[in-house]
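Undergrad: Below are the structure tokens for one structure; questions will follow.
The values are calculated or read from the model by the stated rules, or taken from the named source; none is laboratory data. What you see is a predicted model, and the numbers here were worked out from it, not measured in a lab. Counting neighbours? That spans all protein chains shown, and the Cβs are built from the backbone with ideal geometry, glycine included.
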Amino acid sequence: MKNMIIHKIADLGAVDITELLTESKEEGFRNIHRLVNEYKEGINTFQREDEALFECRVGHRVIGICGLNRDPYADGSIGRIRRLYVLKEFRRHGAGRRLVDAVIHMASSHYTKIVLKTDNPKAAKFYEKLGFKEKKDDELVTHEPEL
């Protein structure tokens, strides 16, 4: 889908992600709910210079979101992919790949490594298609890109 645009979000409070929140809850995912709550409470606002939150839009509609944080479980040289979600109707159209690419691009100028954790088998397959390798020996990290 060529009319998808990736933007860095400066203020999540100024972005309407109601559709993402509603659909993710219906699917049984809690990551967007956590994103909103942690942002409101100031726990995770993606505001450090080495962090970012990206949205994917089609027109005025936010169809996906993904963030980059400094990994809270490691030293400052590792970044962590956080809160990826794409609306069902836009999956398999490149939105997730473009969001992850934006995160990796930003991470490459701040971190030596990027990691993530997922307990969703479909998400795991998605990341593996993007070249991430599964890690089985770490309870805090399930995937990292192959070097």
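Undergrad: Taking Val36 as the residue in question, decide whether it is in contact (Cβ under 8 Å) with a residue 24 or more places away in the chain, farther than 21 Å from Gly131 by Cα, β-branched (Val, Ile, Thr) and not in a helix (DSSP H, G or I).
TA: no
Undergrad: Does segment 90-112 contain any residue that is surrounded by fewer than 19 Cβ atoms within 10 Å (Cβ to Cβ), within 27 Å of Val15 (Cα to Cα) and either of a type in the set (Val, Ile, Thr) or touching a Pro at 6+ places or on another chain (Cβ under 6 Å) (or both)?
TA: Yes, segment 90-112 has at least one match.
Undergrad: Could you tell me whether Ala107 is at negative phi, free of Cβ contacts under 8 Å to residues at least 24 places away in the same chain and touching a strand residue (DSSP E or B) at 6+ places or on another chain (Cβ under 8 Å)?
TA: Against the criterion (at negative phi, free of Cβ contacts under 8 Å to residues at least 24 places away in the same chain and touching a strand residue (DSSP E or B) at 6+ places or on another chain (Cβ under 8 Å)), Ala107 does not qualify.
Undergrad: Within the group Tyr85, Tyr73, Tyr39, which residue is over 22 Å from Arg97 (Cα atoms), among the aromatic types (Phe, Trp, Tyr) and modelled with pLDDT of 95 or more?
TA: On inspection, the qualifying residue turns out to be Tyr39.
Undergrad: Farther than 16 Å from Leu87 by Cα and outside any helix (DSSP H, G or I): which single residue out of Phe29, Phe46 fits that description? Please lay out each step first, then the result.
TA: Details: Phe29 fails: farther than 16 Å from Leu87 by Cα.
Going through Phe29, Phe46 in turn, just one is farther than 16 Å from Leu87 by Cα and outside any helix (DSSP H, G or I): Phe46.
Undergrad: Could I ask something else about it? Regarding Thr45, is this residue of a type in the set (S, T, N, Q) and either free of Cβ contacts under 8 Å to residues at least 24 places away in the same chain or touching a Gly at 6+ places or on another chain (Cβ under 6 Å) (or both)? First the steps, then the outcome.
TA: Values: of a type in the set (S, T, N, Q): yes; either free of Cβ contacts under 8 Å to residues at least 24 places away in the same chain or touching a Gly at 6+ places or on another chain (Cβ under 6 Å) (or both): no.
For Thr45, the condition - of a type in the set (S, T, N, Q) and either free of Cβ contacts under 8 Å to residues at least 24 places away in the same chain or touching a Gly at 6+ places or on another chain (Cβ under 6 Å) (or both) - is not met.
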